[in-house]
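Asker: Have a look at this one before I ask anything.
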Amino acid sequence: MADLEDIRTRVRLNEYSLSNTQSTDFPGNYPDYDDAWNQVKFEENFRINIISMTDLEMEFDMVGVDAAVANAFRRILLAEVPTMAIEKVFIYNNTSIIQDEVLAHRLGLIPIKADPRLFEYRQKDDTEGTPEDTIELELKVKCTRNPNASKDATDPDEIYRNHKVLTKQMKWIPLGNQAEMFMDNDIHPVHDDILVAKLRPGQELDLKLHCVKGIGKDHAKFSPVATASYRLLPDITLTKPVVGEKAERLQKCFSPGVIEIEEVKGQKVAKVVNPRKDTCSREALRHDDLKECVQLGRVRNHFIFSVESTGILPPDVLVTEAVKILMAKCRKMLSELDKTQVETEK
Amino acid sequence: MEVGRLEVVEPENPEDETCRTFVMHNEDHTLGNSLRYIIMKNPEVQFCGYSVPHPSESKINLRIQTNGPPAVDVLRRGLVELTAVCEHVLTTFETTVNNFKRIQGSGEPMDTI
């Protein structure tokens, strides 16, 4: 019975392989189990714990879903949550040493702090853009010599003026009624100290930048996360009591904080206190005397998500948007299904 | 931004409603794998699998074989159940985030659930 539970709920980490990686809890696989989908049971067992949350990063646990659904959320966070990014660069003057296309590529990757939910997607054949789907920024920098610099100065910051083009110099030009819509939050790049190009006296940049709404699938510049990933909760069980010097060696095999040594009747006994901290290096399985005492695995339905935002939207907003996008996909498919059924009935 | 279109592959035996192959355009493993999982949890389903015929084309083939109910109904039920899962995840997440922010704001120690 215990073995069955193990197969159903744990991924086993063996010395040279992994076992039970596939979820097998489908109806009909196990005679005594009712594995049919049950929304009530799912809601009872599902929970979310937030470990830490800041403006840019978030770590939370999602327990009770299958890998297919958790992976769907991760994929959507990376590639299908929309953001605004610079798409078209109108180059009126570029006498810098950076080529036009290289400059345009770099500008596209700069994260722009504008809430994409307030904008529409651009229509397929529209080249001009409307105030509802476009943000216009301007970058106009001219590098000059500094007349007040001393004769033998060598530091470029002293002898030249405006030789570094930073995102701080990008100005927002409101189109249409954007000035009233965004009165409180100006539209600007997330960081104002990103170095875009370097100039020397006489060189100048005169660019108009148009931002549109897009998704990461189209181009990675539209991805709202620095990265989004998950790992499964490690599961360490000691099959035999580990005492004395063996306990100390066992403690060294795992990441610090996973195993603690307790004094029981004068003997040092090893105890698993915090399997969460482990990075699953399987070091214990490399030692012949330790590998019989420990069983390593992962809990199959416990996902520890880590979402790092680029700064455009806070990470909790990103996760809610990702879930909404999966819902929208299902709903769109359902309406398509209804359409095809109506057509076949005709 | 054309989101999924649905096509049904012409079945060899149109009277038999229990087996169908669906082609979903502009979809990939994101919807494919999660939908396959939910549909497999249906006890009436004999077979459910999806594939991406070619990685350069953005479409998936989803095949459903049941032992009774029409395949279209099973697909519809799968989509409805997946939507319900997402809704529950969304409400649970939002509640948890609001609680966390409230507790953080007032400076009380976090209780571990």
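Asker: Measure nothing but the geometry: give the 0 to 90° angle between the long axis through the Cα atoms of B:29-40 and the longest principal axis through the Cα atoms of chain B, rounded to 10°.
Answerer: 80 degrees
Asker: So, one more: Treating the beta-carbon of each Lys and Arg as +1 and of each Asp and Glu as -1, no other charges, what is the dipole magnitude of chain A about its Cα centre, to the nearest 20 debye? Working shown, then result.
Answerer: Values: 48 positive and 58 negative charges, 173 e Å.
Charge dipole of chain A: 820 debye, to the nearest 20.
Asker: Taking the Cα centre as origin and putting +1 on Lys and Arg beta-carbons and -1 on Asp and Glu beta-carbons, what dipole magnitude results for the stretch A:84-222, to the nearest 20 debye?
Answerer: Using Cβ point charges on Lys, Arg, Asp and Glu, the stretch A:84-222 gives about 480 debye.
Asker: Treat every Asp and Glu Cβ in the stretch B:6-105 as -1 and every Lys and Arg Cβ as +1, leave all other atoms uncharged, and give the resulting dipole magnitude about the Cα centre to the nearest 20 debye. Could you put the intermediate results ahead of the total?
Answerer: Values: 9 positive and 14 negative charges, 133 e Å.
Using Cβ point charges on Lys, Arg, Asp and Glu, the stretch B:6-105 gives about 640 debye.
Asker: Next question, about the same structure. Here are some pairs, A:Lys164/A:Lys213; A:Lys124/A:Lys217; A:Lys252/A:Lys291; A:Lys124/A:Lys329; A:Lys142/A:Lys171; which of them have Cα atoms lying more than 18 Å apart in this structure?
Answerer: Beyond 18 Å: A:Lys164/A:Lys213; A:Lys124/A:Lys329.
Asker: Output the 0 to 90 degree angle, nearest 10, between the alpha-carbon long axis of helix B:71-106 and the longest principal axis computed from the alpha carbons of chain B.
Answerer: Here the helix axis deviates by roughly 10 degrees.
Asker: Okay, next question. Please list, ordered by chain and number, the residues whose modelled amide H lies under 5 Å from the amide H of A:Ile50; skip anything fewer than 5 residues away on the same chain.
Answerer: A:Asp61
Asker: Which lysines have a Cα less than 19 Å from the Cα of A:Lys41, not counting those fewer than 8 places away in the same chain?
Answerer: Within the straight-line limit of under 19 Å, A:Lys41 reaches these lysines: B:Lys41.
Asker: For the Cα atoms of chain A, what angle does the longest principal axis make with the long axis of helix A:315-345, in degrees from 0 to 90, nearest 10?
Answerer: Around 90 degrees separate the two axes.
Asker: For the stretch A:84-222, take every pair of Cα atoms, bin their distances at 10 Å starting from 0, and report each bin as a whole percent.
Answerer: So the P(r) values, bin by bin, are 11, 39, 30, 14, 5, 1.
Asker: With the radius of gyration and the Kirkwood radius both derived from the Cα set of the stretch A:11-130, what is their ratio Rg to Rh?
Answerer: 1.17
Asker: Sum up the charges of everything whose Cβ sits under 10 Å from the Cβ of B:Lys59, counting Lys and Arg as +1 and Asp and Glu as -1, but leave B:Lys59 out.
Answerer: -3
Asker: If amide H atoms are built 1.01 Å from N in the plane of the peptide, which residues on other chains or at least 5 residues away come under 5 Å of the amide H of A:Thr227?
Answerer: The answer is A:Glu308.
Asker: Work out, in µm²/s and without decimals, the Stokes-Einstein translational diffusion coefficient of the stretch B:6-105 at 25 °C, 0.890 mPa s, Rh from Kirkwood over C-alpha pairs. Before the final figure, lay out the partial values.
Answerer: Details: Rh = 15.1 Å.
It diffuses with D of about 162 µm²/s by this estimate.
Asker: Okay, moving on. If we restrict to alpha carbons, what Rg and Dmax does the protein assembly as shown come to, in Å?
Answerer: Gyration radius and largest Cα-Cα distance of the protein assembly as shown: 28.0, 93 Å.
Asker: Hey, in the GNM for chain B with a 10 angstrom Cα cutoff, which one of B:Val89, B:Val23, B:Val72 fluctuates hardest?
Answerer: B:Val89
Asker: Highest GNM mean-square fluctuation, chain A, Cα pairs closer than 10 Å: which of A:Asp193, A:Asp125, A:Asp100?
Answerer: A:Asp125
Asker: Okay, next question. Suppose we flag chymotrypsin sites (Phe, Trp or Tyr not before Pro) only when DSSP calls them loop and at most 15 other Cβ atoms lie within 10 Å. Which is the longest uninterrupted stretch of chain A? If you can, show how the numbers build up before the last one.
Answerer: On the way: sites that count: A:Tyr16, A:Tyr33, A:Tyr121.
Longest run free of exposed loop sites: A:122-346.
Asker: What trypsin sites (Lys or Arg not before Pro) in the stretch A:213-280 are in a loop by DSSP, with at most 10 other Cβ atoms within 10 Å of the Cβ?
Answerer: Passing sites in the stretch A:213-280 are A:Lys265.
Bear in mind that the values in this text are calculations on the coordinates, not laboratory data. Small disclaimer: the values here were computed from a predicted structure and weren't measured. Cβ atoms come from the backbone with ideal geometry, glycine included; neighbour counts cover every protein chain shown.
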